[in-house]
């Protein structure tokens, strides 16, 4: 059984006037830690994440640790539940991937192993706290998706090509983001995590069951046990 180590949640997304603490000077990106990433079939990944009540330096430190973990993996999106904390938070950064896809052309999928490790990566992180997707486009698009909680498995997933998301940023300010292309797909992928949904839930049952059986077998072989 997993225990929440941080007391940031309650049962409402409504913010009070005292729900934001200003950041301390020079707090950004200091002493970041790499967090362990949870893999399927850990049942925590199926839990519905709880909203954040207060934005303070403890939460910002956790967000920075999430971002460092995402970059280290490497990945372009990470939800808090993927590091064992079922909270309504995720981080995304598509800057480098979008640039690589533009260079590749012809809609070729880009995976982390294809990227030039000698080049200084472009970075444009976004921290989304208590996000809410308020609209989707009618147009659809297909991207090859992967997940840090399902290592080395990729599949084509169709989603709305654009979406609009409301969220609270790292400084506790309300934001609205209109996203399309890869960013829209990543936001929808990570938003799914907050509701206990994985990208393999969007593919055929046959393929999904094969993936789950594979990772369940790996977990048993490694001696892991889970309590729901």
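The values are calculated or read from the model by the stated rules, or taken from the named source; none is laboratory data. Predicted model, so just to flag it, every value in this text is computed and none were measured. All Cβ positions, even for glycine, are placed from backbone atoms using ideal geometry, and neighbour counts span all protein chains on display.
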Yes/no for residue 153 being crowded, with 16+ Cβ neighbours inside 10 Å, out of contact with any helix residue (DSSP H, G or I) (no Cβ under 9 Å at 6 or more places or on another chain) and in contact (Cβ under 8 Å) with a residue 24 or more places away in the chain: no
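Those residues that are in a helix (DSSP H, G or I) and either at positive phi or touching a strand residue (DSSP E or B) at 6+ places or on another chain (Cβ under 9 Å) (or both), I need them from the range 73-88; list them, please.
Correct list: 80, 81, 82.
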What tally of residues in the range 46-60 results from selecting those that are out of contact with any strand residue (DSSP E or B) (no Cβ under 9 Å at 6 or more places or on another chain) and within 14 Å of residue 86 (Cα to Cα)? 3
Of all strands (runs of 3 or more DSSP E) completely enclosed by the range 139-191, which ones contain at least 1 residues that are closer than 30 Å to residue 219 by Cα and touching a strand residue (DSSP E or B) at 6+ places or on another chain (Cβ under 6 Å)? 140-147, 150-160
If I filter the range 89-104 for residues that are over 23 Å from residue 192 (Cα atoms), modelled with pLDDT under 80 and in contact with a strand residue (DSSP E or B) (Cβ under 6 Å, 6 or more places away or on another chain), do I get at least one hit? no
Among the residues that make up the range 116-128, is at least one of them within 21 Å of residue 153 (Cβ to Cβ), modelled with pLDDT of 85 or more and under 14 Å from the mean Cα position of the chain (by Cα)? no
One residue from 4, 18 being part of a loop (DSSP other than H, G, I, E, B), modelled with pLDDT under 50 and more than 22 Å from residue 194 (Cα to Cα): 18
